[in-house]
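Below you'll find the structure, written out as structure tokens, and then a few comments.
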Amino acid sequence: MTQTVTLRWGASTDVGQVRKENQDAYITSPPVFAVADGMGGREQGAAAASIAIDSMRALVSQKHIEADDLQRCAAVAWQGIVELSLESESTPGTTLTAAVLTEDAGTPYWIILNIGDSRTYRFGSDGLVPITVDHSVVQEMVNAGTLTREEARIHPQSNLVTRAIVMEAQHPVDIWKIPVLPADRLLLCSDGLTAELPDIYISKLLARYDDPESAAGRLVQVAVDLGGRDNVTVVVVDATGVPTITERTVPIPVREQE
Ligand code: MG
């Protein structure tokens, strides 16, 4: 028998204090939740982010969703970005992170997608646990052991991504499939949040606000108040109703490519 999952969610976005234009985009249309952070001048970054979000929108009305479907959405987004790039003087691109609720043999799962340095975290009894791994220069230094995560956060090169949805190459996306926990909270965000707020403070605010809309709004507000040097976007999704403790609480990579 399929377990019924109840979703509650909230989202907030802000241009920040420095940028002229908000080039982030998001979707909260169950079972699809996603954040994209566009790059490129003259409104092209915003257009790129919208293309990535629209590619995910195709899943909203789909009956059953598999990891391959998210892969296909990313490919559609890439084709859209190529077309956009051919029409623009700049070279627009975007990150994309997504969490899509699905089920497998009656068990609810999240399928998580990532390309770039927007992030999906899980917040629960283990605290704030990153699910996605950034495709960035500083993440490579963290992997090599030459930077800590906190040093990476404030590093001058912290905004350089190594993969994104860009015309120049069809970079692979990472995809994870993780069981939904009994009281599950996911956070999806653009780097405008994580650049301003260390994980420990994000964790505190997620613990303080039970209502996902309030949590998302407060996180964005604090990031803007702390400097708001970039666009800030936050999506918070709560899933309840799964009665049993599932066997795994750590992400299972189903497709991680070099
Ligand atoms: Mg950004």
*Dipole of region 52-130, positive direction: furthest Cα of Ile115, Ala99, Leu86, with charges on the beta-carbon*: Ala99
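Before I look further, what does the chain give for accessible area per residue, probe 1.4 Å, in whole square angstrom?
On the way: 11730 Å² over 258 residues.
For the chain, the solvent-accessible area averages 45 Å² per residue.
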*If you plug each phi of region 129-145 into the Karplus form 6.51 cos²θ - 1.76 cosθ + 1.60 with θ = phi - 60°, what whole-Hz ³J(HN,Hα) values come out, in order, with x for Gly and Pro?*
10, x, 9, 7, 10, 4, 9, 9, 4, 6, 5, 5, 5, 5, 4, 7, x
*Would you list the P(r) distribution for region 9-114, with all Cα-Cα distances sorted into 10 Å bins from 0 and each bin expressed as a whole %?*
16, 44, 28, 10, 2
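How long are the semi-axes of the equivalent ellipsoid of the chain, taking √(5λ) for every eigenvalue λ of the Cα gyration tensor, in whole Å from largest down? Mind showing how you got there, number by number?
Details: eigenvalues 138, 95, 61 Å².
So the equivalent ellipsoid measures 26, 22, 17 Å along its semi-axes.
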*Find the all-direction average of the projected area of the Cα convex hull for region 117-219, expressing the result in square nanometres with one decimal place.*
7.7
_Can you compute 3J(HN,Hα) from phi for each residue in region 87-100, using the Karplus curve 6.51 cos²θ - 1.76 cosθ + 1.60 with θ = phi - 60°, rounded to whole Hz and x for Gly and Pro?_
8, 10, 6, 8, 10, x, x, 7, 8, 7, 10, 9, 10, 10
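How large, in percent, is the carbon and sulfur part of the accessible surface of the chain at a probe radius of 1.4 Å?
On the way: 5980 of 11730 Å².
Using a 1.4 Å probe with all protein chains present, the chain comes out at 51 percent carbon and sulfur.
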*Arrange the residues Glu66, Glu43 by how much accessible surface each exposes, largest first, with a 1.4 angstrom probe.*
Glu43, Glu66
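Specify, per residue and in Å³, the volume enclosed by the convex hull of the alpha carbon atoms belonging to region 169-214. Could you put the intermediate results ahead of the total?
On the way: hull volume 6.0 nm³, N = 46.
Looking at region 169-214, the number lands at 131 Å³ per residue.
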*Can you list the HN-Hα couplings for region 197-212, worked out from phi with the Karplus curve (6.51, -1.76, 1.60; θ = phi - 60°), rounded to whole Hz and with x for Gly and Pro?*
10, x, 3, 5, 7, 4, 4, 4, 5, 5, 6, 6, 10, 6, 6, x
_Translational D in µm²/s for region 1-63 (Stokes-Einstein at 20 °C, 1.002 mPa s, Kirkwood Rh from C-alpha pairs)_ = 162
*asked:* Checking the cross-link filter: which lysines have an alpha carbon closer than 18 Å to that of Lys177, excluding same-chain neighbours under 8 positions apart?
replied: Lys63
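The values are calculated or read from the model by the stated rules, or taken from the named source; none is laboratory data. From a predicted model like this one, the values you see are computed outputs, not experimental measurements. Because the Cβ atoms are built from the backbone with ideal geometry, glycine has one as well, and the counts that use them run over all protein chains shown. Keep in mind that these areas ignore ligands, DNA and RNA; they rest on the heavy atoms of the full protein, side chains included. Shrake-Rupley method; radii C 1.70, N 1.55, O 1.52, S 1.80 Å.
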